[in-house]
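Below is one structure; the comments refer to it alone.
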Amino acid sequence: MKLTLKKTSEQLELIKAMASRNKDVAYEAQLALANFVGPALAEGLDNAKVLSNLFLSLEFDADDNPSIPLDIYYDITDLDYINIWHQTRAGGLGYNQVVPTDNELKLNTYSIESALAFDKRHASRSRVDVISKTFERIAQELLMEQEKSSANILLGALANASTNGTKHVQRASTAGEFVLHDFNQLVTLADIIDVSWIGGTPANEVGSVTDLMISPKVAEKLRAMAYNPISTDGLHTGSENFRDGVFANTGAMNFYGINLLKFKEFGLGKRFNTVFDAAAGTTEYSDAEGNNAAQFDGATEEICVGLDRNRKGLIRSVALDSETGSTLELVPDDQFVGRQKKIGYVGGREEARLVLDDRALFGVIV
């Protein structure tokens, strides 16, 4: 993400004041800039096209003890307990917490922080570019921490998700390939998992795959449908009209009404693939017909992750700064003494991430 501070006379004057020898004047200027930049950074973090922003945000006051009443998130059920995936620290692996549906789930929040400093002479010379890059770096480091936490809990929940004996992860019809037939089977998997509390059709059925997270290599396989020969086995392109549609819309990342989200962290040897491999352990996954059961091999296979946003199963609870009302607390770093000639800032968030309903997650092994 990028942050640009405009070179207005007011901002230049404020930046110069940050380097004042008068400690009170300098701190007041540094705090004023933090209060101005903090909400902008928070907005940038919350609107970035990243994995962490697939979580539904629930805000709470910084001094509050946040909790979620589970009974409003679940229908009447014939089971007394549900599985909640939770984290106790930033970047930690999610753990499976078995909770009664009538409980109030207390959230174990944690802090993520980043601190950077720059030479005071950059402020005295009005080096807006240096100060902008400092705040950008703080936001990038916070974003990286959020991504680690999000990937660990999401992929951990997916690897172990099962509904009525049906695993939420299945293999593609052909090893190493991802074709239309696999899209079709993924939608069917979502339909099978989305059942009412008595095992029938939900009254207001909304369950489906809305988004699919894939690697650049899988995206390449999908684009190849525009020029690959039409097969006769029903597993590849269905018609010339379909191929023409793919060719005409190669920039539109959407198949079968499913949004395609391309992440470079997915794919062989990539971070998200490695996390899923560790979470899957010795679990065996089969194809849609129940055949070819085997453990996931991160060295030769990659996971594609489907998400049903309608179910609102991914939750991120984040604290609001009591003074600015922002979800990001940005303050001057007071560790520096005058002889160090440094100006520093500390940015951070208090949050908790959890998977309330793993029926919102699906996977295809390619």
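The values are calculated or read from the model by the stated rules, or taken from the named source; none is laboratory data. Only a predicted model underlies this, so the values are computations on that prediction, with no experimental measurement involved. All Cβ positions, glycine included, derive from the backbone under ideal geometry; neighbour counts span all protein chains shown.
Structure notes:
- One residue stands out among those in segment 88-129 that are among the acidic types (D, E) and modelled with pLDDT under 90: the one that is nearest to A26 (Cα to Cα), which is E104.
Listed here are the residues, each with its yes/no results for (1) of a type in the set (D, E); (2) part of a loop (DSSP other than H, G, I, E, B); (3) not assigned by TED's automatic domain parsing to the domain that holds I84.
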position: L260; (1), (2), (3): no, no, yes
position: G269; (1), (2), (3): no, yes, yes
position: D277; (1), (2), (3): yes, no, yes
position: G290; (1), (2), (3): no, yes, yes
position: G306; (1), (2), (3): no, no, yes
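- Pairs with Cβ under 9 Å, 6+ apart, first in segment 124-140 and at positive phi, second of a type in the set (K, R): S126/K7; S126/K16
- Pairing each residue of segment 294-314 that is in contact (Cβ under 8 Å) with a residue 40 or more places away in the chain and within 16 Å of G257 (Cβ to Cβ) with any residue that is surrounded by fewer than 18 Cβ atoms within 10 Å (Cβ to Cβ) and aliphatic (A, V, I, L, M), provided the two are 6+ apart or on different chains, yields C-beta distances under 7 Å for N310/V206.
- Filter result (part of a loop (DSSP other than H, G, I, E, B) and buried (at least 22 other Cβ atoms within 10 Å of the Cβ)) within segment 314-330: T327, L328
- All conditions in (1) in a loop (DSSP other than H, G, I, E, B); (2) closer than 30 Å to L70 by Cα hold for N310, with the sole exception of (1).
- Meets criteria (surrounded by 14 or more Cβ atoms within 10 Å (Cβ to Cβ) and at pLDDT 95 or above) for E302: yes
- Residue match in segment 279-287 (condition: assigned to a loop (DSSP other than H, G, I, E, B), farther than 17 Å from V218 by Cα, of a type outside the set (F, W, Y) and at pLDDT below 90): no
- Taking the numbered list (1) part of a strand (DSSP E or B); (2) surrounded by 15 or more Cβ atoms within 10 Å (Cβ to Cβ); (3) at pLDDT 75 or above in turn, W85 passes all entries but (3).
- Here A248 clears all of (1) within 21 Å of E220 (Cβ to Cβ); (2) of a type in the set (G, A, S); (3) modelled with pLDDT of 90 or more except the condition numbered (3).
- Within segment 4-33, the residues that satisfy the criterion of being closer than 26 Å to M144 by Cα and either outside the structural domain of R349 (by TED's automatic domain parsing) or in contact with a helix residue (DSSP H, G or I) (Cβ under 9 Å, 6 or more places away or on another chain) (or both) are T4, L5, Q30, L33.
- Residue in segment 158-169 that is surrounded by 23 or more Cβ atoms within 10 Å (Cβ to Cβ), in contact (Cβ under 8 Å) with a residue 60 or more places away in the chain and in a helix (DSSP H, G or I) present: yes
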